[in-house]
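Q: Here you go, one structure.
The values are calculated or read from the model by the stated rules, or taken from the named source; none is laboratory data. This structure is a prediction, so every number in the text was calculated from the model and none was measured. Neighbour counts run over all protein chains shown; Cβ positions are idealised from the backbone, glycine included.
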């Protein structure tokens, strides 16, 4: 917000509305330029800073996400401590410390004090953060609510220091102050510790609060040890449940099928290769010289010996079209890191203790032609699954993207949309909003198309929604088998009960007629009936285990299913 | 997306995953800076470019919004023509021309070729656009899908020209090419015409398509004449239904209650005033020297004679606290421009032809302490209200912000949330999702807190949700009266029918007993019954008219209601 020129204003505090037509020259006198930080200062809700509880959760989310990414990239099992202290009315300090690689002194300013600068934005690699906005967004939010810089303390193993970081908002430039060199010997390990001070925020133990966020983060990151020191002085420990590192994230060369014309042009212009042909082989995954020969046949008019920088838009368009006509090996999917079936099962059992569950990890797919992604889905039914509401129980959805819990903006998320599009009646769920069912979905990709800068919802792209639907339907099919066998079971149980009611009378009648011992007749009748209904007396937990294994070919069925739905 | 250094890559096309721990220095070698245009190029879905149909609608939305704003600011009744042509497979050109003030030659590049530059971002004024992103976002989208610049043609009355505009994405700088001076005499009026070429988009007559967008825009902007030339060659004319201009938007000085510490500091630093006291009087609406005296008593330790630039954060904090303790005149609300009760009624009648409707314009309120906003709400029931679904009819919500229809991201919008939070049963709607009801809401403000850059949803701020609820509940209360009188009516009608069934038999029995003429008895009985149920024979359309007028004091009741709900 800027004030108008004084001469335009009247005493009452607003600009006079001229009654005549205003010319373009008059209007454009007020033309100004703004930095991206000014933009986010004015629209901080777009970064997730809307609502007191949500804002505090967003701060923790940004710092913890950065810590997990840093540890994963450095190959370190994460030890993360989150400390939230109440320092005034609706004022809190948040400290997040990790045992990651730390940040070199030369980079601390840009890392925490200016947006769109970082190591993540330009790399084709699966990470939780992908924009270079989160950490500096926290600094911005601290600055506009308490006027205080954030305090950083880092040890990279080569150098250790502490300092204050703030942002020159008008220019999106970092300001580093009070830099103090520290002895490395003072630290137990490398790592980063960031402390920020925030006002207009609130710590609350709700579905959208810090505790719930960390709980879900621990569930989807079993290799991390996370400790929360809450404002009331209590400490919550989320211990590590797996001692091995998840797959190291790797940068991928792009797959030709994922290329649009504009990106191909950018790559070509930036390429050091001398010829178009070697540029293609060097820059893309799956393009070999044999494949280049195939491309040559498809675009005979294109000179593959020309410098890549001389490629025209029309030529690039033809090349992208020809990419679609060649048979390629699928994108290298090895670089995608998932939570894992076993771990999702453990997690769901731990928090939901359901009567039945099933988990599906789909094979990786691509969207927008060639960006690889993979969906994991789980369904839990009964126990503590679903949400308690004033009128009973409702189904709910636990959303994750690259193992990060998504707590907000569910209404505009591809995961929610996919779950809503499913015809739940076909899976034995009469009304999703009235049954004790939880759907767990994690989408992993080198690029998650978030719908907003706050990264709380996945954009509703058709290919992603369809793949999520297939995954959830596959899990739902097993649930349906369970529910129908449960229903069978309860019908059988009621028949069994009815028959057993007659056994006593029938036994004594038969004893009268046959002059045999009544109790023997009763015993053998009971045995007869019990053997007919023997499935009722088996351990039901075994059964659901079997079912979870059964669904080998459920994939294709679900596939056909989805087509029927479209 | 950038490629990694070659030496890090193996032949298979991806970077080798080192198994050892990587140091901070290694990781931060890859640190890079990015422009805001690079960011939006990678995340174009955040600007609304997700989905083929939606992307095309977003283009039209951005251009038409700019045209309406330009005309409104210049005081010109808008004539807007939108032409969409199919130029290839999933390729379209979009041309939007208006009779606005045009854009001076010196500004055309920045207006259409770089983001965060414009006349709107910094002004405290109600406009449809508020960020300086929309128009350049279209240029960016054109560029990354077809590689073509947009073509602009402008006449400001002083100069006329045409040219091509594109963006240097790496630097967020405009590129203006092929500039041609044109004779002003060639134009019928001042104005701007922009043409862009887009691929990967689709024209469709759906709820999210261009036609529906323009239809709703015409409804909420009755002073605009809009013509659509559709790709199939057809022309749709949305004629102007009001010949007067809406209130001219005005820039407002900020109200002290709307100030946070950070903004106050910024204003103080930029102020040319010599003393803090005169700075306060000059910069804010409703602060007089009398009020400054009150503030002095509340913050006795603060020197009101010091230069505003010397204000510290702590002092500013105290000042903002003291603002809250003084009684202020409400913010000047005259600058807010609404659609208007009458016009919403006309609009709903025209499109929904409902059996009943009621419209409420609330008095303006403030959010975040002092940002003025006003809510208009309407409810239509029966007729074509609601949405037809495969299983019947469902309630729907028509959302508008500053008279701009919001077609997307309803799930994360304050308007949707408010409608969902209402206990519809109390208003005679058993299940909102199963009745023919449409809720119309328009929120007007100098600053709409959109949840995303694409401006399709209003952030779920409590104060805004609460006010929308009050408005909708006020309208719903009238609907309830209508529905219960309708239900009364139908109960009476059924009783009437039942009684009439006995008239014939009773008349002949009475005739037998009393020896009187049966037909006379029947006639007088019928008269007797009809007079008792006379309300059934009155004109029902009158009745709903009366009801719409009745609800004078419904406001307070609704107010009490909302509290009960919280």
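Q: Just wondering, is there one or more residues in the stretch B:102-124 that are touching a helix residue (DSSP H, G or I) at 6+ places or on another chain (Cβ under 7 Å), away from every other protein chain (no Cβ under 11 Å) and farther than 23 Å from residue B:163 by Cα? Lay out the reasoning, then the answer.
A: Filtering the stretch B:102-124 down to residues touching a helix residue (DSSP H, G or I) at 6+ places or on another chain (Cβ under 7 Å) leaves B:102-104, B:107, B:111-119.
From what is left, the residues that are away from every other protein chain (no Cβ under 11 Å) are B:112-113.
Next cut, farther than 23 Å from residue B:163 by Cα only: none.
Checking the stretch B:102-124: not a single residue is touching a helix residue (DSSP H, G or I) at 6+ places or on another chain (Cβ under 7 Å), away from every other protein chain (no Cβ under 11 Å) and farther than 23 Å from residue B:163 by Cα.
Q: Let me ask you something else. Only one of these conditions is not met by residue B:443: (1) surrounded by 21 or more Cβ atoms within 10 Å (Cβ to Cβ); (2) part of a helix (DSSP H, G or I). Which number is it?
A: (2)
Q: While we're looking at this one, here's another question. If you go through the stretch A:51-62 one residue at a time, do you hit one that is within 10 Å of chain B (Cβ to nearest Cβ), crowded, with 20+ Cβ neighbours inside 10 Å and in a loop (DSSP other than H, G, I, E, B)?
A: Restricting attention to the stretch A:51-62, the residues satisfying the condition of being within 10 Å of chain B (Cβ to nearest Cβ) are A:51-52, A:54.
Filter once more, keeping what is crowded, with 20+ Cβ neighbours inside 10 Å: A:51, A:54.
Still in the running and in a loop (DSSP other than H, G, I, E, B): A:51.
Within the stretch A:51-62 (the criterion being within 10 Å of chain B (Cβ to nearest Cβ), crowded, with 20+ Cβ neighbours inside 10 Å and in a loop (DSSP other than H, G, I, E, B)), the answer is yes, since at least one residue qualifies.
Q: If we only count helices (runs of 4 or more DSSP H) wholly inside the stretch A:252-319, which ones have 1 or more residues that are closer than 23 Å to residue B:148 by Cα and either touching a strand residue (DSSP E or B) at 6+ places or on another chain (Cβ under 7 Å) or not assigned by TED's automatic domain parsing to the domain that holds residue A:449 (or both)?
A: In the stretch A:252-319, the matching helices (runs of 4 or more DSSP H) lie at A:261-270, A:276-283.
Q: Follow-up. Based on what the data block shows, is residue B:426 over 20 Å from the mean Cα position of the chain (by Cα) and either crowded, with 22+ Cβ neighbours inside 10 Å or at pLDDT 90 or above (or both)?
A: Details: over 20 Å from the mean Cα position of the chain (by Cα): yes; either crowded, with 22+ Cβ neighbours inside 10 Å or at pLDDT 90 or above (or both): yes.
Yes.
Q: While we're on this one: So is residue B:383 out of contact with any strand residue (DSSP E or B) (no Cβ under 6 Å at 6 or more places or on another chain), within 14 Å of another protein chain (Cβ to nearest Cβ), outside any strand (DSSP E or B) and over 25 Å from residue A:414 (Cα atoms) or not?
A: Judged against the criteria, residue B:383 is not a match.
Here's the yes/no breakdown for (1) crowded, with 23+ Cβ neighbours inside 10 Å; (2) part of a helix (DSSP H, G or I); (3) outside the structural domain of residue B:373 (by TED's automatic domain parsing):
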{"site": "B:460", "(1), (2), (3)": "yes, no, no"}
{"site": "B:465", "(1), (2), (3)": "no, yes, no"}
{"site": "B:473", "(1), (2), (3)": "yes, yes, no"}
{"site": "B:486", "(1), (2), (3)": "no, yes, yes"}
{"site": "B:498", "(1), (2), (3)": "no, yes, yes"}
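Q: So which of B:286, B:248 is in contact (Cβ under 8 Å) with a residue 24 or more places away in the chain, touching a helix residue (DSSP H, G or I) at 6+ places or on another chain (Cβ under 9 Å) and on the phi > 0 side of the Ramachandran plot?
A: Answer to the check: B:286.
Q: Please list, ordered by residue number, the strands (runs of 3 or more DSSP E) wholly in the stretch B:158-214 having 1 or more residues that are surrounded by fewer than 16 Cβ atoms within 10 Å (Cβ to Cβ).
A: Working: elements: B:160-168, B:173-181, B:191-199.
Result: B:160-168, B:173-181.
Q: When you look at residue A:281, is it more than 10 Å from chain B (Cβ to nearest Cβ) and either in contact with a helix residue (DSSP H, G or I) (Cβ under 7 Å, 6 or more places away or on another chain) or buried (at least 17 other Cβ atoms within 10 Å of the Cβ) (or both), yes or no?
A: Taking the combined requirement at face value, the residue does not satisfy it.
Q: Residues being modelled with pLDDT under 80 and either assigned to a strand (DSSP E or B) or more than 7 Å from chain B (Cβ to nearest Cβ) (or both): count how many of those fall in the stretch A:21-48.
A: Total meeting the criteria: 4.
Q: Okay, moving on. I'd like to check something: does the stretch A:388-398 contain any residue that is under 17 Å from residue A:458 (Cβ atoms) and either assigned by TED's automatic domain parsing to the domain that holds residue A:288 or in contact (Cβ under 8 Å) with a residue 60 or more places away in the chain (or both)?
A: The answer is yes, given that some residue of the stretch A:388-398 is under 17 Å from residue A:458 (Cβ atoms) and either assigned by TED's automatic domain parsing to the domain that holds residue A:288 or in contact (Cβ under 8 Å) with a residue 60 or more places away in the chain (or both).
Q: Turning to a different aspect of this structure: Can you confirm whether residue B:325 is in contact (Cβ under 8 Å) with a residue 24 or more places away in the chain, farther than 27 Å from residue B:126 by Cα and away from chain A (no Cβ under 12 Å)?
A: It is true that residue B:325 is in contact (Cβ under 8 Å) with a residue 24 or more places away in the chain, farther than 27 Å from residue B:126 by Cα and away from chain A (no Cβ under 12 Å).
Q: Among (1) in contact with a helix residue (DSSP H, G or I) (Cβ under 8 Å, 6 or more places away or on another chain); (2) outside any loop (DSSP other than H, G, I, E, B), which single condition is residue B:344 missing?
A: The failed condition is (1).
Q: Here's a follow-up. Here are some conditions: (1) in contact (Cβ under 8 Å) with a residue 12 or more places away in the chain; (2) within 12 Å of chain B (Cβ to nearest Cβ). Residue A:89 meets all but one. Which one does it not meet?
A: (1)
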